[in-house]
Amino acid sequence: MTPLVLLPGMMCDARLFTPQVDYFSAERAVQVACLTRHNRVEEMARAVLAVAPERFALAGLSMGGIVAMEVVRQAPDRVAGLALLDTNPLAEDARVKAGRGPQMQTAREGGLLDMLVDKVFPNYLAIETTQAPILATCFAMAEALGADVFIRQSEALMHRPDQTETLRHYSGPAMILCGEQDRLCPVSRHNFMSELMPHASLHVIPAAGHLVSLEKPIETYKAMAQWLEAL
């Protein structure tokens, strides 16, 4: 069985993929990479490649998807299949980039968790989601990672490269998946990725937002299982 490497989103750890690890680890090696030590996407990708199996299936959500695309750019022959969940192949939008400076300053001043609870976490989930348990997990992950990780990851996202050409040239088994109500990486962005990768399957999960792996774990599992079967 091809090993599976999972890349979590910003201020997330392995808990983001708890359902998927539970589902897939019975049949294949599953590794959740650490994306907390570097402030550039390129360095994060090199760190993933340094500890990943020689050849592996790669799935990333949000920032994890951004890093996954950079892994493919650096070492396409090592990636047996690519799954991109609730993510964005483009360089940082200027308005979003402008907002990161004040967020990083708030984190430096000790206000990270309050800021996340008040301004960031409310954009994560679909209206229909039973939100309290997932938001508690988000809070726990952010509390464990802390302000320094938030600042490094913010800097990495601010300076990330555009990956449209990377996607155009990747020909392995690919899947694009997002929540229908994702407000951070909307469906239109995933339709764009699907146009770049016409061989990729596209899944839009109803009644789900940005954290589809936790909001709709069964639907995410089924889509990922279909993708992995193509390897």
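The values are calculated or read from the model by the stated rules, or taken from the named source; none is laboratory data. All of these numbers come straight from a predicted model, not from anything done at the bench. Every residue, glycine as well, gets a Cβ built from its backbone with ideal geometry; the counts of neighbours run over all protein chains shown. The accessibility values were calculated without ligands, DNA or RNA, using every heavy atom of the protein model including side chains. Shrake-Rupley method; radii C 1.70, N 1.55, O 1.52, S 1.80 Å.
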- In segment 110-131, which residue that is of a type in the set (A, V, I, L, M, F, W, C) and assigned to a helix (DSSP H, G or I) is surrounded by the fewest Cβ atoms within 10 Å (Cβ to Cβ)? Val117
- Message: Condition (residue is in contact with a strand residue (DSSP E or B) (Cβ under 6 Å, 6 or more places away or on another chain), at pLDDT 95 or above and surrounded by fewer than 21 Cβ atoms within 10 Å (Cβ to Cβ)) applied to segment 151-165: is it met by at least one residue?
- Response: no
- Query: Within segment 56-95, how many residues turn out to be in a helix (DSSP H, G or I) and either within 21 Å of Leu231 (Cα to Cα) or in contact (Cβ under 8 Å) with a residue 24 or more places away in the chain (or both)?
  - Reply: 15
- Which number in (1) assigned to a helix (DSSP H, G or I); (2) open to solvent by 10 Å² or more (accessible area, probe 1.4 Å); (3) without any contact (Cβ under 8 Å) to a residue 40 or more places away in the chain marks the one condition that Gln103 misses? (3)
- Query: Any idea which residue in segment 150-189 is nearest to Leu125 (Cα to Cα), counting only those that are out of contact with any helix residue (DSSP H, G or I) (no Cβ under 9 Å at 6 or more places or on another chain) and without any contact (Cβ under 8 Å) to a residue 40 or more places away in the chain?
  - Reply: Pro186
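Of all helices (runs of 4 or more DSSP H) completely enclosed by segment 135-231, which ones contain at least 2 residues that are touching a Cys at 6+ places or on another chain (Cβ under 8 Å)?
187-196
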- Item | Answer residue from segment 1-19, given it is more than 21 Å from Leu145 (Cα to Cα) and touching a residue at least 60 places away in the same chain (Cβ under 8 Å) and is farthest from the chain's Cα centre (by Cα) among those | Thr2
